[in-house]
Amino acid sequence: MREFRTKKNPHNPTNRSRWSSSQRTHFVEGYLCFTVTFRASHLWHSHYSDYQESLHHLIKTMHDSGIGYRRIAYWLNEHGYTTPRGHEFKNTHVFSILKKKLIRDTRLNKRYKFEIDNLRICRINMPE
């Protein structure tokens, strides 16, 4: 093990924390440990089919103009539209389509913060 010698300093009689630049050359073998948290929801998403996209656009346009969920469902059924699984529309289906698209868009457009945690130096004990 290497010993360090200190110079006597009148401003620091204990000489514990002051080293000259030539005395600060002690190297320690080790590595830096840390945790990186990176979330990116925008890198993957399932695509809506063309039918789902056109259905959502039609429902959203009708709802934005002030038509209720029941009237939209009735109109879609009268004009031959079916749910993406082939069933007749009900007001809950119309609401669900609008709600799920909003949740999906919110999730896909959310940006997360890049974080580095638990930063520490891990020393390797080397035999002398």
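Please treat every number below as a calculation from the coordinates, not as lab data. All values derive from a computational prediction rather than experimental measurement. For neighbour counting, all protein chains shown are included, and Cβ atoms are generated from backbone atoms with ideal geometry for every residue, glycine included.
Between Arg85 and Asn109, what FRET efficiency comes out of the Förster formula 1/(1 + (r/R0)^6) with R0 = 22 Å and r the beta carbon distance, rounded to 0.05?
Values: r = 27 Å, r/R0 = 1.21.
Efficiency, rounded to the nearest 0.05: 0.25.
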(message) Within the range 97-121, name every residue whose backbone N is under 20 Å away from a label modeled 7 Å from Cα of Leu43 along the Cβ vector.
(response) 105-117
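By per-residue mean of other Cβ atoms within 10 Å, what is the highest-first order of 112-119, 66-73, 86-93, 47-54?
Values: 112-119: 9.1, 66-73: 15.9, 86-93: 13.9, 47-54: 11.0.
My ranking of the peptides, most packed first, is 66-73, 86-93, 47-54, 112-119.
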(request) Return the sequence-ordered ³J(HN,Hα) values of the range 55-65 in whole Hz as given by the Karplus equation 6.51 cos²θ - 1.76 cosθ + 1.60 applied to θ = phi - 60°, using x for Gly and Pro. (result) 5, 5, 4, 5, 5, 5, 4, 5, 5, 5, 7
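Could you compute the net charge surrounding Asp64? Neighbours are other residues with a C-beta less than 14 Å from the C-beta of Asp64; K and R count +1, D and E count -1. Could you put the intermediate results ahead of the total?
Values: positive: Lys60, Arg71, Lys101; negative: none.
Surrounding charge for Asp64 is +3.
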